[in-house]
Amino acid sequence: MNTVRRARGVALITAMLITALTGSLAAGLAWNNALDVRRTMSLLFHEQGMQVALGAESWIRNILRDDSIDTQTDHLGELWASELPGLPVDNDSVQGAVTGKLEDLQGRFNVNNLIDRNGDIDQARLEQFQRLLVILDIDPGIAGLAADWIDADQNASFPDGAEDSIYTSLTPPYRTFNRSLSNVTELSALAGMDKASFDRLLPHITALPGVDTALNVNTATAAVLQSLDANMDASIVESLISQREESGFDDIKATFGTLVTNPAIVLRLEGSSRFFQLKAVVQIDTVRVTYYSLLLREPDGGPVITILRSLGTI
Ligand SMILES: [Ca+2]
Ligand SMILES: [Ca+2]
């Protein structure tokens with residue numbers, strides 16, 4: 001009798017174990033399946049976001065090309081300079097939105113201009129960069145460090161310079177780039193550059209390809225305008241910004257010839273631009289794509305070419 005009861009007990013426990021095991025296996029399979037579906041959806045949404053961003057870029061390139069046919073100058077009152085309002089992305093399978101903003105990079109200080117056509121440090125631009133740093137409450141010694149970072153040699157400038165001998169002694173060690181920058185964020189690696197200073201500086205600087213690019217005073221930031229000469233102050237800049245508000249400066253050489261004492265700086269002030277940066281943010285379901293592209297516009301209705309694309313950060 002006892003043997004029969006024991007056998008029944010074992011059978012019951014075995015049945016319960018099998019039920020628990022089957023239940024846990026089924027739950028595991030369902031969980032993995034849900035994760036796989038979510039992962040696939042995220043990849044799909046990301047790819048759709050990329051396609052929308054590329055579409056926005058293509059549209060912006062057309063606007064820029066049309067602008068160069070219609071006008072010879074570029075200023076902040078033009079169509080390209082207005083922020084793209086949030087546009088819905090809506091079809092049967094995809095819901096989301098896209099926003100965008102185009103910035104004229106020639107309204108910023110091009111750090112690659114610190115080095116002239118001969119590969120030497122351009123003194124006028126170096127002093128301008130020092131002034132820009134002071135205006136933004138950043139150590140002006142960063143200008144000399146930036147010039148050494150970009151120039152080809154290993155001779156540290158005096159008094160503010162640093163080459164490999166400084167950077168290789170840091171932990172972790174690294175080396176100077178010693179060539180033109182393709183991405184301005186590289187300057188965050190300079191000795192003594194902290195994040196707060198770099199965040200303040202970033203909206204006013206760029207790293208453009210080619211040598212000796214001009215500054216577009218119609219779109220230049222207030223700090224960059226003030227950096228043009230030691231005698232510029234905030235009230236002069238305010239008056240300049242109100243002068244250009246409607247349609248840019250009427251006569252750049254006349255306006256700045258009296259305000260800027262260094263003729264080498266005046267010579268490279270212009271009212272039009274070739275380099276622009278698009279930032280497009282696409283939200284598809286729970287996936288967000290932040291897309292940057294550097295655009296080069298050839299003059300007089302020529303093509304607008306994408307020369308650099310990046311995701312998440314410039
Ligand atoms: Ca224009
Ligand atoms: Ca160097």
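The values are calculated or read from the model by the stated rules, or taken from the named source; none is laboratory data. Model, not experiment: these values are computed from the prediction. Backbone-built Cβ (ideal geometry, glycine too); neighbour counts: all protein chains shown.
Of all residue pairs spaced 6 or more apart or on separate chains, none has beta-carbon atoms under 8 Å together with a first member in the stretch 168-180 that is without any contact (Cβ under 8 Å) to a residue 40 or more places away in the chain and a second member that is within 16 Å of ligand 1 (Cβ to nearest atom) and among the aliphatic types (A, V, I, L, M).
Here's a check for you: in the stretch 230-267, which residue that is in contact (Cβ under 8 Å) with a residue 60 or more places away in the chain and outside any helix (DSSP H, G or I) is farthest from ligand 1 (Cβ to nearest atom)?
Ala230
Residue check: is Trp80 aromatic (Phe, Trp, Tyr) and more than 27 Å from the chain's Cα centre (by Cα)? No, not satisfied. Condition check: away from ligand 1 (no atom under 16 Å from the Cβ) and crowded, with 19+ Cβ neighbours inside 10 Å. Does Ile150 satisfy that? Criteria met by Ile150.
Of all residues in the stretch 143-159, exactly one satisfies the criterion of being modelled with pLDDT of 90 or more and either charged (D, E, K, R) or near ligand 2 (Cβ under 6 Å from one of its atoms) (or both), namely Asp148. The set of residues from the stretch 282-300 being under 18 Å from the mean Cα position of the chain (by Cα) and not charged (D, E, K, R) comprises Val282, Val289, Thr290, Tyr291, Tyr292, Ser293, Leu294, Leu295, Leu296. Collect the residues in the stretch 117-147 that are under 19 Å from Glu163 (Cβ atoms) and acidic (Asp, Glu), keeping them in residue-number order. Within the stretch 117-147, Asp120, Asp122, Asp139 meet the criteria.
Does any residue of the stretch 202-211 turn out to be touching a helix residue (DSSP H, G or I) at 6+ places or on another chain (Cβ under 7 Å), under 18 Å from Glu127 (Cβ atoms) and at pLDDT below 95? No, because not a single residue in the stretch 202-211 is touching a helix residue (DSSP H, G or I) at 6+ places or on another chain (Cβ under 7 Å), under 18 Å from Glu127 (Cβ atoms) and at pLDDT below 95.
Taking the criterion of being surrounded by fewer than 16 Cβ atoms within 10 Å (Cβ to Cβ) and in a helix (DSSP H, G or I), the residues of the stretch 201-228 that qualify are Leu202, Pro203, Ala222.
Can you tell me which residue in the stretch 172-200 is nearest to the chain's Cα centre (by Cα), limited to those that are assigned to a helix (DSSP H, G or I) and surrounded by fewer than 17 Cβ atoms within 10 Å (Cβ to Cβ)? Per the stated criteria, the residue is Thr185.
The residue list Ser58, Ser93, Ser169, Ser68 contains one member that is over 23 Å from the mean Cα position of the chain (by Cα) and either buried (at least 18 other Cβ atoms within 10 Å of the Cβ) or in a helix (DSSP H, G or I) (or both), which is Ser68. Of the numbered criteria (1) in contact (Cβ under 8 Å) with a residue 12 or more places away in the chain; (2) in the same structural domain as Phe198 (by TED's automatic domain parsing), the one Val134 fails is (1). The residues on offer are Ala214, Ala196, Ala156, and the sole one that is aliphatic (A, V, I, L, M), in the same structural domain as Gln123 (by TED's automatic domain parsing) and under 22 Å from Ser227 (Cα atoms) is Ala196. I'd like to know if the stretch 106-122 contains one or more residues that are within 16 Å of ligand 1 (Cβ to nearest atom) and in contact (Cβ under 8 Å) with a residue 12 or more places away in the chain. Yes, the stretch 106-122 has at least one match. Only a single criterion out of (1) part of a helix (DSSP H, G or I); (2) in contact with a helix residue (DSSP H, G or I) (Cβ under 9 Å, 6 or more places away or on another chain); (3) closer than 28 Å to Asp285 by Cα; (4) without any contact (Cβ under 8 Å) to a residue 60 or more places away in the chain is not satisfied by Asp36, namely (2). Has the stretch 62-72 got any residue that is within 16 Å of ligand 1 (Cβ to nearest atom) and more than 26 Å from Asp250 (Cβ to Cβ)? Checked against the condition, which is being within 16 Å of ligand 1 (Cβ to nearest atom) and more than 26 Å from Asp250 (Cβ to Cβ), the stretch 62-72 yields at least one hit. For Val184, state whether it is closer than 24 Å to Arg274 by Cα and at pLDDT below 95. Answer is yes for this residue.
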